[in-house]
Each structure stands twice: as C-alpha cells, then as structure tokens.
C-alpha cells in the first residue's frame, strides 16, 4: 500500500513521559487529519553522525502513515514546533509493508552490505 | 580495432602490452532500491572524508548512482551519515 514513511529523532534528554506524551500527540494529530499510523517502529537510541541542538545521541522512531497528505502536513508542522524533536524526514513510499519489512530485516540481520558480498 | 590500438601504444613506447579495459560492476546495481537507513551499506560508497565516490570508481550505473546519491542525502539529513568527516574545529 502506498503511504508515507516518516523518520523522526526525539531528544534523549527528555524524560520517558515527555517522549510518550509527544508520541501520543503525534498519533492524535495524524488521526485527526484522517491519517492512520499503520506501523510504528522504534529504532531506539543511536549516536548521531553530527551534533544536533547540542545532542550527540537521539531516539529514532519510524512511522508508516497511510496515504493522507493533510496528515503528513500537520505532523510536519508539529515536528517544527516541538523542542523534543531533533530532526525528521518524511518520504513517500510505494509499498509501506515492503519498506517496513526491509527495515525490520535491516535491524535484525544487519547491513545489506554483508549479504551482497556473500553472493 | 584492438590491433590499431596496440600499434599506437607501441609507438608511444608502451611495449607490447595491450590494454583491455575491464568493466567494473557494483553490487548495488543488483538492488531494486537503495535503502537510506542502511548506513553500513552506504559507507562503502563514501570516501574517508564523507564524500560520495565517483561512479568511475564504484562501477555504479548512472541510474544506481542517482539512487545512491538520493539515499546518501537522505541519510545525511537525519544524522545517520555526516556531511563531512575529519574536520577539526579551530577554536
């Protein structure tokens, strides 16, 4: 199914409650605009390749959102306002399920570069 | 054709060596799409300084190189890859 893939980085210095509060808020915003979060993948704490807002780490989250342009627009404008969001990136994908499966594979089996060189 | 080249090379003092260009290929060409979240994979196509390798080195097709470029830019945007490496601030 066509949709959006939205990656965003939360501030690791924010408390657990604040982070969960943000996630609840985002969900409400997406659903309020007729969108649906089909999958929510938590990538977890990662080291950033460069400092963002003086933070060296970030909590990565991935949303797969049903094809609803208003929803992604509203979500991005909220990201812009939130101090607790360090960075975000939304891309349109043709097949959300395939993208999600690929991501889970990457997370459990590691980089594709190994499987490629084996062939 | 190859003969012509060989004689030309000999005239330039390159001896009897016939240089046959070897076509390089990249593993990436086999992929349907290049995942921007696969940092380890993308790192193979960057220099130590974090610049994108030219395709004459990596052997990517034009199409693959375009997709790779987008993937790397996306990864940089969300801090999975750096824009440049090895720069030491002077202050």
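State all residues of region A:80-99 that are in contact (Cβ under 8 Å) with a residue 24 or more places away in the chain, surrounded by fewer than 19 Cβ atoms within 10 Å (Cβ to Cβ) and in a helix (DSSP H, G or I); if no residue qualifies, say none.
The one that is in contact (Cβ under 8 Å) with a residue 24 or more places away in the chain, surrounded by fewer than 19 Cβ atoms within 10 Å (Cβ to Cβ) and in a helix (DSSP H, G or I): A:97.
Going by what's in this entry, would residue B:75 be described as modelled with pLDDT of 95 or more, within 14 Å of chain A (Cβ to nearest Cβ) and at negative phi?
Taking the combined requirement at face value, the residue satisfies it.
So, in region A:30-45, of the ones that are surrounded by fewer than 16 Cβ atoms within 10 Å (Cβ to Cβ) and either assigned to a helix (DSSP H, G or I) or within 14 Å of chain B (Cβ to nearest Cβ) (or both), which residue ends up farthest from the chain's Cα centre (by Cα)?
Filtering first and then ranking leaves A:32.
Kindly evaluate residue B:60 against the criterion of being surrounded by 13 or more Cβ atoms within 10 Å (Cβ to Cβ) and more than 10 Å from chain A (Cβ to nearest Cβ).
Against the criterion (surrounded by 13 or more Cβ atoms within 10 Å (Cβ to Cβ) and more than 10 Å from chain A (Cβ to nearest Cβ)), residue B:60 qualifies.
Yes or no, residue by residue, for (1) in a loop (DSSP other than H, G, I, E, B); (2) within 17 Å of the chain's Cα centre (by Cα); (3) more than 28 Å from residue A:96 (Cα to Cα):
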{"position": "B:17", "(1), (2), (3)": "yes, no, yes"}
{"position": "B:25", "(1), (2), (3)": "yes, yes, yes"}
{"position": "B:68", "(1), (2), (3)": "no, yes, no"}
{"position": "B:74", "(1), (2), (3)": "no, no, no"}
{"position": "B:85", "(1), (2), (3)": "yes, no, yes"}
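Would you confirm whether any residue within region A:78-86 is closer than 21 Å to residue B:74 by Cβ, modelled with pLDDT of 95 or more and within 11 Å of another protein chain (Cβ to nearest Cβ)?
So far as region A:78-86 goes, yes, one or more of its residues are closer than 21 Å to residue B:74 by Cβ, modelled with pLDDT of 95 or more and within 11 Å of another protein chain (Cβ to nearest Cβ).
What's the number of the condition residue A:58 fails, among (1) in contact with a strand residue (DSSP E or B) (Cβ under 9 Å, 6 or more places away or on another chain); (2) under 18 Å from residue A:19 (Cβ atoms); (3) surrounded by fewer than 17 Cβ atoms within 10 Å (Cβ to Cβ)?
Of everything listed in (1) in contact with a strand residue (DSSP E or B) (Cβ under 9 Å, 6 or more places away or on another chain); (2) under 18 Å from residue A:19 (Cβ atoms); (3) surrounded by fewer than 17 Cβ atoms within 10 Å (Cβ to Cβ), residue A:58 misses just condition (3).
Scan region B:27-41 for residues that are at pLDDT below 85, assigned to a helix (DSSP H, G or I) and surrounded by fewer than 16 Cβ atoms within 10 Å (Cβ to Cβ) and jot them down.
B:29, B:30
Using the structure shown, decide if residue B:10 is surrounded by 12 or more Cβ atoms within 10 Å (Cβ to Cβ) and modelled with pLDDT of 90 or more.
The answer is no for residue B:10.
Go through region A:46-71 and give me each residue that's touching a residue at least 12 places away in the same chain (Cβ under 8 Å), away from chain B (no Cβ under 14 Å) and over 12 Å from the mean Cα position of the chain (by Cα).
A:66, A:67, A:68, A:70, A:71
Could you grab me the full set of residues in region B:42-66 that are under 23 Å from residue A:90 (Cα atoms) and assigned to a helix (DSSP H, G or I)?
Within region B:42-66, B:42, B:43, B:63, B:64, B:65, B:66 meet the criteria.
The values are calculated or read from the model by the stated rules, or taken from the named source; none is laboratory data. Just so it is clear, the model here is predicted, and its values are computed rather than measured. As a convention, Cβ positions derive from the backbone with ideal geometry for all residues, glycine included, and neighbour counts pool all protein chains shown.
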